Amino acid sequence: MSFVQPPPRLVNQYDDDRVLRAYLHRTLPSDFFTQIDPSLHNMGALAGGALYRQQLDERELEPTLVQWDAWGNRVDRIEVTPLWRTAERLAAERGLIAIAYSRDAGPLARVQQFALAYLFTPSTDLYSCPLAMTDGAARALLASGNQALIDRAVPHLTTRNFERFWTSGQWMTESTGGSDVGLSRTVARQENGVWRLHGRKWFTSAIASRMALTLARPEGNPPGGKGLALFYVETRDENGMPNGIRVDRLKDKLGTRKVPTAELTLEGAAAQLVAEPHDGVKHIAPMLNVTRTWNSVSAVALMRRGLALARDYARRRVAFGALLAEKPLHLDTLAGLQAEFEAAFHLAFFVAELLGRSDAGEAAEQQAALLRILTPVAKLTTARQSVAVLSEVIEAFGGAGYVEDTGLPMLLRDAQVLPIWEGTTNVLALDTLRAIETAGGMAVVEREAHFILQGVRQPDLLRISARVERTLERVRLWLEAGKDIEAGARRAALTIGRAFALALLARQAQWSAEAERDERPLAAARRFAAAGIALLGEYDADDARRLARDE
Ligand SMILES: Cc1cc2nc3c(=O)[nH]c(=O)nc-3n(C[C@H](O)[C@H](O)[C@H](O)COP(=O)(O)OP(=O)(O)OC[C@H]3O[C@@H](n4cnc5c(N)ncnc54)[C@H](O)[C@@H]3O)c2cc1C
């Protein structure tokens, strides 16, 4: 008989996740934990069971674009995969958006919402993409104060009733630029009292959505970002026909292949102004804060899935006379990945906590400033970590990790989008520096890290605390010195992200050691510290020019 390798298996993804559970135990009041525990348990069962099986079964299915109906009408309908249809219903009924707007949980609503999303995301083929934009659109509309649009759309975006549930797109990127949206060429014209949009949107995910928020330049406005306005568009008219929107094609992408991402031509799409007829980038900002937090949570969710599979596999695969789980070097490799994941987890969920306080109107000035700074920091840090971790996860399976029908390659391909959409690493690093300048400086970050580390007593954690504080101080001094700031922005932002993540991990480690007699978070903190948090170093701008431009 030839040898057949047992595949990796998943169990209930909530029950099995000590990092999530310990975090929730520490942060939530016990009655609230007891109240939400069954819904998390249930989502964990689906994520490790029926949804995961469906995901593997549908591995080869992809969304399709139907441009014409049988009678020659241009319909531009997107057929999504069955798993996406399941995910849409589940998302509505389990309140993946609604929870954040119900106010039942007050400032902790975001923790509850993102704990569910974290379990849901890796088994639903990135359905978190339209959910992120739906959540962001609800937030941006509420922040706009446009009551007519709030009344029209927000109840649909935030309902638990699947029949009434809408998702939203976010159409910003044009072929001229996704980072520099000020170059956008889409024009808005008033025709018979109705705003109509004309132009081309180059990357539009969630194109099957009922509505979108988009940027366009009202005719006569100046060039650049200030001249753009934020518009609300419903994708279909009352007869279900396209609202002056042509879907030119779906993108053929490296990953996120279940997410329909289209190129659109707007041919007089009827639209409504969300706020003033200018400053659209400012008005869409509340949306981006939400979608970037979804991105951070998706990054940790994908890392967690990869690790759950790799750790299970290490207990099933034999090499050189022992299970991989007994080989010191394989264990060491997995331990490094687990530490990266745990640090990323606490960073992402800390930002979710801040967002929850901000939504509930309970964010003090310091917390609002922190949210502004840490949202891009968490997004860029966790996204880069997820690509690195999932690349190693693939290798942890050897050749099997590279083979499509194991379902493993998809994890790495999907993770690779996380540092690109919602702002690339470089663009968010520059945004971080802007945020630091306008939101009170590095002192805001240093004060909060100091506060987080106050309760730390274990000797290793005390050493780690001192290191975090020194590292953040070094970033402040580097910023004050003002040399080659733009070129070093990415290293600075990643240093802040890693140092802050280590502070959060240290706090969790102290708590777990005392409250749960669990030393694993302490091990994660030591390991993450050993891997290094400081990226600022001796980098020379002239060397960069020599190398990048071959000068
Ligand atoms: C799968 C997928 C789905 C997407 N879905 C959507 C969507 O639904 N809606 C939407 O609006 N967009 C969407 N996007 C677009 C995405 O947001 C953009 O691709 C992204 O913001 C980058 O813009 P760009 O492609 O124009 O790259 P560019 O802006 O041309 O960037 C190219 C490179 O230059 C770097 N760079 C740019 N400016 C600077 C600078 N000042 N300093 C240093 N480096 C810089 C970037 O980091 C990047 O590495 C999607 C993209 C993908 C891949």
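Couple of notes before you dig in:
- On the stretch given as segment 188-203, residues that are assigned to a strand (DSSP E or B) and either at pLDDT below 95 or away from the ligand (no atom under 16 Å from the Cβ) (or both) total 8.
- Check on A262, buried (at least 18 other Cβ atoms within 10 Å of the Cβ), modelled with pLDDT under 95, within 13 Å of the ligand (Cβ to nearest atom) and under 29 Å from L61 (Cβ atoms): no
- Members of segment 240-259 found to be away from the ligand (no atom under 14 Å from the Cβ), part of a loop (DSSP other than H, G, I, E, B), on the phi < 0 side of the Ramachandran plot and exposed (fewer than 15 other Cβ atoms within 10 Å of the Cβ), listed by number: M241
- Flag for R53 being basic (K, R), more than 18 Å from V290 (Cβ to Cβ), surrounded by fewer than 22 Cβ atoms within 10 Å (Cβ to Cβ) and away from the ligand (no atom under 16 Å from the Cβ): yes
- Of the residues examined, A212 is not one that is assigned to a loop (DSSP other than H, G, I, E, B), aliphatic (A, V, I, L, M) and touching a strand residue (DSSP E or B) at 6+ places or on another chain (Cβ under 9 Å).
- Within segment 353-375, one or more residues are within 16 Å of the ligand (Cβ to nearest atom), surrounded by 17 or more Cβ atoms within 10 Å (Cβ to Cβ) and not in a loop (DSSP other than H, G, I, E, B).
- Among the residues of segment 354-367, just one is of a type in the set (D, E, K, R) and in contact with a Lys or Arg (Cβ under 7 Å, 6 or more places away or on another chain), namely D359.
- Annotation for segment 124-135: no member residue is in a helix (DSSP H, G or I), within 30 Å of N426 (Cα to Cα), away from the ligand (no atom under 16 Å from the Cβ) and within 17 Å of the chain's Cα centre (by Cα).
- Of the listed requirements (1) surrounded by 17 or more Cβ atoms within 10 Å (Cβ to Cβ); (2) more than 22 Å from L96 (Cβ to Cβ), S386 misses just one: (2).
- Residue in segment 388-398 that is in a helix (DSSP H, G or I), under 28 Å from R476 (Cα atoms) and either within 16 Å of the ligand (Cβ to nearest atom) or not acidic (D, E) (or both) present: yes
- For segment 269-293, filtering for residues that are buried (at least 19 other Cβ atoms within 10 Å of the Cβ) and basic (K, R) leaves 1.
- Neighbours by Cβ (under 7 Å, 6+ apart or cross-chain): first from segment 170-199, on the phi > 0 side of the Ramachandran plot; second away from the ligand (no atom under 11 Å from the Cβ): G199/R185; G199/T186; G199/V187; G199/A216; G199/L266
- Looking only at segment 158-187, and only at residues there that are within 16 Å of the ligand (Cβ to nearest atom) and in a helix (DSSP H, G or I), the one that is nearest to T291 (Cα to Cα): V181
- Just one of the listed residues (S296, S209) is more than 17 Å from M172 (Cα to Cα) and either within 13 Å of the ligand (Cβ to nearest atom) or modelled with pLDDT of 95 or more (or both), namely S296.
- Pairs meeting the criteria (first residue in segment 51-70 and closer than 21 Å to V11 by Cβ, second residue polar (S, T, N, Q) and not in a strand (DSSP E or B), beta carbons under 6 Å, at least 6 apart or on different chains) are L51/S123; Y52/S123; Q55/S123.
- Counting only helices (runs of 4 or more DSSP H) wholly contained in segment 18-95, the ones carrying 1 or more residues that are among the acidic types (D, E) occupy 30-48, 50-57, 82-93.
- Filter result for T121 (part of a loop (DSSP other than H, G, I, E, B), in contact (Cβ under 8 Å) with a residue 60 or more places away in the chain and among the hydroxyl-bearing types (S, T, Y)): no
The values are calculated or read from the model by the stated rules, or taken from the named source; none is laboratory data. Predicted model, so just to flag it, every value in this text is computed and none were measured. Cβ sites come from the backbone with ideal geometry, for glycine too, and all protein chains shown count toward neighbours.
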